[in-house]
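The values are calculated or read from the model by the stated rules, or taken from the named source; none is laboratory data. Remember, it's a predicted structure, so these values are computed and weren't measured experimentally. As a convention, Cβ positions derive from the backbone with ideal geometry for all residues, glycine included, and neighbour counts pool all protein chains shown.
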Amino acid sequence: MTSSLHEGGAANPVAGVTRRATRFSMRLNGWMRRWSWAVAMTVAIVITVGGLVVLESGRMRIAAEYETALEAKGATTQLTSLAADIASLTADERAFRLTPDNTYTEHYDAAAARIRQTVASLDAYYRRKADDTALASFNPVSATLDARIGVGLAARSASQADASTDSLDGALALLRLNEERRAQAALDASRADQRISTFCVGALCALNIVLFLLLFRNLGIQLDKQDRVQQKLITQQEELDQLVFERTRQLEALAWHLQSVSENEKTQLARELHDELGSILTASKMDVAWVNNKLKSAEPAMAEKLGRALANLDQGIALKRRIIEDMRPTVLANFGLVTALRTLADETAQRTGWTLELALPEEDIKLGEEVEIALFRVAQESLTNAAKYARASCVSIALALDDERVSMHIADDGVGIRPQDLLRTHTHGLLGMRQRVSARGGRIEIERRQPHGTDIRVTMPRMRNFDV
């Protein structure tokens, strides 16, 4: 047993770690399922922003490289123009030595001015580029041209002019070659950057397409799962509604059965009270009355006691009759619903001082026993509530029927029922009225009248059969 306990104790930490790992894995899987779309969207946004940054930097590099190539092409053009102006300068010098003429002097000065402007532009270009090698090669050219132009048209010898022209042509040719290489290198770099940008755009588009495909796939899975869950909920709701419907029917049937049993018990009890208790009280009253007559002259004091006993027996008989009427109205059983409603309204009006407005059929009608009892009890409860709470001065009762349904309307001009009272589930009077009516397939509406008062409308089938 000791070994077994040690083994169990040693296994518990491993089982605990396994359970914790399982719960963590389940939580992680649930988190991934719940937030995978957010992760995918975040990654797509980060990749898109990063790709845009890369593309913008590539665009800026390409623009800078194109600008460098254009500047290099411009410098090459300026170097070519400078070589042409130097050749024109040399030609003017030679022509002037052969035939001194002011026309050559003017042409010389114009060429010299263009040369100074081109030299200044090229010097600024090389300084802006910070190309020390090209600047070191161009400075002698600039110095030679300044010295040559500064000497003037007539002071330089032909051999000096030819020598300087040859050296300038060679230097300018090297500078042009350098600028052409610079332009070509910039163009090659821009093409390479364009290819890289194109590749980045393609890769970015492909990656975004993949991410969105995964996102939509996950979204489709989630929607499908939600649809299945919704369908399951709908099915469960339908099953629950069906179950509630069945239970409601069973409760209605049970309520109808209990009310029927209750009414039958009341009828039986009323019959027994009428037959048994009524006979006992009547016989007792007759005996006491006989004794009272015999002792009236001989024993006045005893006759007085017997008189009080007769009065008490009369009160007991009246109480018995009232209890029987409450339990099973004999008017309803003997004369029908219309007469019972009229009698009930008259008796209540006499006690309360109401003004009655009756709209009842002239002749009595024959409905099912359960329907008559239900309508009478609703009218009885309504008038009782009006007498207790409404403080009404006028009450109206209307009864109408057709081939299939019977309707009853009871209204008063009292203070009116409060809305919160309509929502209370523990108000036994209203609850009993609703149960009586609904148990027989009817509908009851209790509303507050405007400006004051209460309306009670009951509609029921003339006959109602229930299968218990």
(message) Pairs needed: first member in the stretch 289-318, closer than 26 Å to Leu277 by Cβ; second member anywhere, among the basic types (Lys, Arg); C-beta distance under 6 Å; at least 6 residues apart or different chains.
(response) Leu313/Lys285
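Given the residues Ile446, Ile456, which is the only one that is in contact with a His (Cβ under 8 Å, 6 or more places away or on another chain) and part of a strand (DSSP E or B)?
Working: Ile446 fails: in contact with a His (Cβ under 8 Å, 6 or more places away or on another chain).
Going through Ile446, Ile456 in turn, the sole match is Ile456.
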(request) Could you tell me which residue of the stretch 297-327 is surrounded by the most Cβ atoms within 10 Å (Cβ to Cβ), considering only residues that are of a type in the set (S, T, N, Q) and under 15 Å from Ile280 (Cα atoms)? (result) Asn312
(request) Evaluate the stretch 353-363: report whether one residue or more is assigned to a helix (DSSP H, G or I) and of a type in the set (Ser, Thr, Tyr). (result) no
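Condition check: in a helix (DSSP H, G or I), at pLDDT 80 or above, surrounded by 12 or more Cβ atoms within 10 Å (Cβ to Cβ) and basic (Lys, Arg). Does Arg182 satisfy that? If you could, list the steps in order and put the result at the bottom.
On the way: in a helix (DSSP H, G or I): yes; at pLDDT 80 or above: yes; surrounded by 12 or more Cβ atoms within 10 Å (Cβ to Cβ): yes; basic (Lys, Arg): yes.
So Arg182 passes the test.
Only one of Asp413, Asp346, Asp403, Asp364 is assigned by TED's automatic domain parsing to the domain that holds Gly441 and within 24 Å of Ala439 (Cα to Cα). Can you tell me which?
Details: Asp413 fails: within 24 Å of Ala439 (Cα to Cα); Asp346 fails: within 24 Å of Ala439 (Cα to Cα); Asp364 fails: within 24 Å of Ala439 (Cα to Cα).
Within the list Asp413, Asp346, Asp403, Asp364, the selection yields Asp403.
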(request) For the stretch 361-413, name all the residues that are farther than 15 Å from Gly442 by Cβ and among the polar types (S, T, N, Q). (result) Gln380, Thr384, Asn385, Ser393, Ser396
(message) Quick check on the stretch 253-289: of everything there that is at pLDDT below 70 and aliphatic (A, V, I, L, M), which residue is nearest to Thr330 (Cα to Cα)?
(response) Ala270
(message) Every residue in the stretch 370-391 that is hydroxyl-bearing (Ser, Thr, Tyr) and without any contact (Cβ under 8 Å) to a residue 40 or more places away in the chain, please.
(response) Tyr389
(message) For the stretch 84-110, which positions are surrounded by fewer than 19 Cβ atoms within 10 Å (Cβ to Cβ) and aliphatic (A, V, I, L, M)?
(response) Ala84, Ala87, Ala91, Ala95, Leu98, Ala110
(message) What's the total number of residues in the stretch 385-414 that are assigned to a strand (DSSP E or B) and either of a type in the set (Gly, Ala, Ser) or out of contact with any Lys or Arg (no Cβ under 9 Å at 6 or more places or on another chain) (or both)?
(response) 8
(request) Pairs only if they're at least six apart or on different chains, beta carbon under 6 angstrom, first in the stretch 102-125 and small (Gly, Ala, Ser), second surrounded by fewer than 19 Cβ atoms within 10 Å (Cβ to Cβ) and not in a helix (DSSP H, G or I); list them, first residue then second. (result) none
